[in-house]
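The values are calculated or read from the model by the stated rules, or taken from the named source; none is laboratory data. Remember, it's a predicted structure, so these values are computed and weren't measured experimentally. Positions of Cβ are backbone-derived with ideal geometry, glycine not excepted, and every protein chain shown enters the neighbour counts. The accessibility values were calculated without ligands, DNA or RNA, using every heavy atom of the protein model including side chains. Shrake-Rupley method; radii C 1.70, N 1.55, O 1.52, S 1.80 Å.
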Amino acid sequence: MDTTPSTQAGPPAGRRGRNPRGQGERLREDIVGAALRLLDEHGDDQALSMRAVAREVGVAATSVYIHFADRDALVLAALERFHRELLEAVDQAETGAADPAERLRARVLLLGTWVQRHPGLYKVLHESTLNRRMAMSFKQELAERTTAAVQRCIDAGLAPAGDAAEVSLDLRAAVHGAVSMRVNQPDLPWPPLEEQVDRFLAKLVGLTLAAGR
């Protein structure tokens, strides 16, 4: 399964020609894609400039301002699109799993591998000052889907009865802490992510996963 989001596409070559009438939305998407590539490269929304994005796309800076009033608006749009792609990838990851426990595990592992692929975007999405300046309500959807996945484990008798929202919060805090430390302290002697995730699922959710996956 290819879960690589659109940020992996390379920058366009040469200077872009004028968009035909009616293709302004395509230019907007190209601008968002360029912002995602640069954010992933720098890991800092403050390092992003509208001029740099314009150069990446091959347009004048004024063309970027037509679609986005300022840098914060552009960064927010970029993160929202990438989060949507992440949701789709996480949902897809669980489709081949045998039961709710394996599906929850697949979701959590996909999130971990996504962070390993895009540490810069992870830092902007969760650690940038933009989180304090602007609401990112779209991030709540991933939390809600994780809670639903925990609830399915409880309903199937694969996890002890309990408050799925509380368990989900503990699980997400553990996973985000682990991946954040891996991003910020890569030289520590980290165990394989799969092993760490399995411990989280056992201790926090109460799952007993099948041996020999």
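Given the rule -39500 (n - 2.57) for each run of at least 4 DSSP H residues, summed and divided by the residues of the chain, what is its mean residue ellipticity at 222 nm, to the nearest 500 deg cm²/dmol?
-20000 deg cm²/dmol
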Let me check something: with ligands and nucleic acids excluded, how do His42, His67 order by accessible area (1.4 Å probe), largest to smallest?
His42, His67
Give the accessible area for Thr95 in Å² (nearest 10); use a 1.4 Å probe, count only protein heavy atoms, and leave out ligands, DNA and RNA.
100
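Which whole number in µm²/s is D for segment 125-169 by Stokes-Einstein, with the Kirkwood Rh taken over Cα pairs at 37 °C and 0.692 mPa s?
Numbers: Rh = 12.0 Å.
Translational D for this selection: 275 µm²/s.
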About the Cα centre, charge dipole magnitude for the chain (Lys/Arg +1, Asp/Glu -1 at Cβ), debye:
780
Order these peptides, 198-207, 115-124, by their mean beta-carbon neighbour count within 10 angstrom, highest first.
115-124, 198-207
Residue farthest toward the positive end of the dipole of the chain, with Cβ of Lys/Arg at +1 and Asp/Glu at -1: which of Ala89, Val57, Val175?
Val57
In the chain, helical segments from DSSP H whose Cα atoms cover 30 Å or more along their own axis and that average at least -0.5 on the Kyte-Doolittle scale are 71-93
In square angstrom, rounded to the nearest 10, how much accessible surface does Met136 have for a 1.4 Å probe?
20
Non-local amide H neighbours of Leu207 (under 5 Å, H modeled in plane, Pro and chain starts lacking H): which ones?
Ala202
Calculate log10 I(q)/I(0) of segment 78-213 for q = 0.15, 0.22 Å⁻¹, where I(q) comes from the Debye formula with a single equal point scatterer on each Cα and nothing for solvent.
-0.74, -1.48
